[in-house]
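Report on the structure given below.
The values are calculated or read from the model by the stated rules, or taken from the named source; none is laboratory data. Computed from a prediction, not measured in an experiment: that's the story for all the values here. No Cβ is skipped: glycine too gets one built from the backbone with ideal geometry, and neighbour counts run over all protein chains shown. Protein only, heavy atoms only, side chains kept; ligands, DNA and RNA dropped before computing areas. Shrake-Rupley method; radii C 1.70, N 1.55, O 1.52, S 1.80 Å.
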Amino acid sequence: MKRNKIALIGGGQIGGNIALLAAQKELGDIIIFDIPNAEGMVKGKALDIMQLRPHDGYDAHISGTSNWEDVKDASVFIITAGIPRKPGMNREDLLEINLGIMKDVAENIKEQAPNSFVVVISNPLDAMVYAFYKVSGFPKNQVVGMAGALDSARFRTFIAMETGCSVQDVSCMVLGGHGDTMVPITRLATVGGVPLTNLVSEKRLEEIENRTRFAGGEIVKLFGTGSAYYAPAQSAIEMAESYLRDKKRVIPCASLCEGEFGIEGYFIGVPSVIGSGGVERILEFDILNEEKQALSNTLDAVKKTVKETGL
Ligand code: APR
C-alpha cells in the first residue's frame, strides 16, 4: 500500500512541529510548502527531521517546497499559512492579511488535490475556514477548522492541574468560536467519569473557564513574539490521524453547521466525528438555555468576522 501524502501549507512554527509529529507517528510522507522566500527554511526543516528518523526508525519521507505541483494529490492538507498574532493584536486583526493568503491557498489546493481533507489552522480561524470552504467549493465534510481540539486540550490541562488527576482521565469539550467567546461545557466535564462539578467549587471552575478562554493570549504575552505552536500542532495531528486511520474520534472542531445546535451556514466548534469520510457527523446534544445563549453570543462573533471577509 502506498504511503499517505500529507501536505503542510505553511512551514513556520506550527507547520514545523506538525511535520515532526506526523513523522513520529508515521502518518505518511510529508511535504512542507511555503512561499519562495521561505523555501530554504522549509527544506532545512525537512532535512533536519529526515536526519532525526534513524534514531527511532520512522519510515516517512519529509521534503520542503514552494512549488504547488509538489503537493499534487496529497490526501491531507494542514494550513497554517499566514502571519501569527503579535502582542496586542487579536485574531480579528489578522483577518485582512490572512484572508488574501487563504484565497490563494484555496485556489491552489482545489487545483492540485480536489479530493483532499483540509484542516485549517490560520487565524482568525472561524473566518479562515469559511473562506477556504467558499473559495475552494469543497464539500463540507472535506473542510474543518482546528480550534475546539486545542481549546479543549487547554481546558483539560487546567482541570488536571486543579484536581491533581491524570490529564488522560479528564474529558471535556469547548464549543463555539475560537475566540474569547468560546463555550466550555463545564457541566459535562468528567474526571475518570466523576462529574467535575462534584470535585471543584463553582468559583474555581469559573476561573478555569476564564483561563481557558484567554489561554492563547497568555502564551502570546509570555512569548512576546508570536503565538503557541506545540499544542496547536498536536491538536491538528489528532484530527489528521483520525481521518487517515479512520478512527472516528469525536473531536470538537469548527465544522459547517446546517441546523445543528440551531446554527445555519457557519463553521463553528461542535463535537465532530472524524473518519475516512472527513467530518462524518456532528454529535448534537441537548444544551441548557444559558449554553444556548453563550453559543448565540459566540455565533454573533463568528458572523461578524465572516462578514468582514466579504464572502
Ligand atoms: N503560502 C504558504 N505559506 C505562507 C504564505 C502563503 N501564501 N504566506 C505566509 N506563509 C507562511 C510563512 O512564510 C510562515 O512560514 O506561513 C508560515 C506561518 O508560520 P509562523 O509565522 O511561524 O506562524 P505559526 O505560529 O506557525 O502560526 C500560523 O496559525 O494559529 C495560527 O495565528 C496563527 O495564523 C497563524 C497560523
| said: For the chain, what does the relative contact order come out to in percent, with C-alpha contacts under 8 Å and a separation of six or more? | reply: 17
| request: State which entries of K103/K292; K86/K304; K5/K221 exceed 28 angstrom in Cα-Cα distance in the structure shown. | output: K103/K292; K5/K221
| field | Integer Hz, Karplus 6.51/-1.76/1.60 couplings in order for the range 247-259, x for Gly and Pro | value | 7, 6, 5, 9, 10, x, 9, 7, 10, 6, 8, 10, x
| task | Quick one: pull the percent of accessible area on the chain belonging to carbon and sulfur, 1.4 Å probe, ligands and nucleic acids left out. | result | 49
| message | Could you tell me the relative contact order of the range 5-145? Use alpha-carbon pairs under 8 Å, at least six residues apart, and round to a whole percent. | response | 23
| said: Cut-off 10 angstrom, C-alpha nodes, Gaussian network model of the chain. Which of T212, T157, T181 fluctuates the most? | reply: T157
| query | From the backbone phi of the range 54-64, what are the Karplus-calculated ³J(HN,Hα) couplings (6.51 cos²θ - 1.76 cosθ + 1.60, θ = phi - 60°) in whole Hz, Gly and Pro given as x? | reply | x, 4, 10, x, 6, 9, 8, 9, 10, 9, x
| said: Explain nothing, just the number: dipole magnitude of the chain about its Cα centre with +1 on each Lys and Arg Cβ and -1 on each Asp and Glu Cβ, in debye rounded to the nearest 20. | reply: 280
| field | Whole-number percent relative contact order across the range 148-309, with pairs defined as alpha carbons under 8 Å at least 6 apart | value | 23
| With every protein chain left in place, what is the accessible area per residue of the chain in square angstrom, probe 1.4 Å? | 45
| remark: With only helices counted (DSSP H, runs n ≥ 4, each -39500 (n - 2.57)), the per-residue ellipticity at 222 nm for the chain, to the nearest 500, works out to -13500 deg cm²/dmol
| remark: Checked the chain against the a/c 1.5 cut and the a/b vs b/c comparison, axes a ≥ b ≥ c from its Cα gyration tensor; verdict prolate
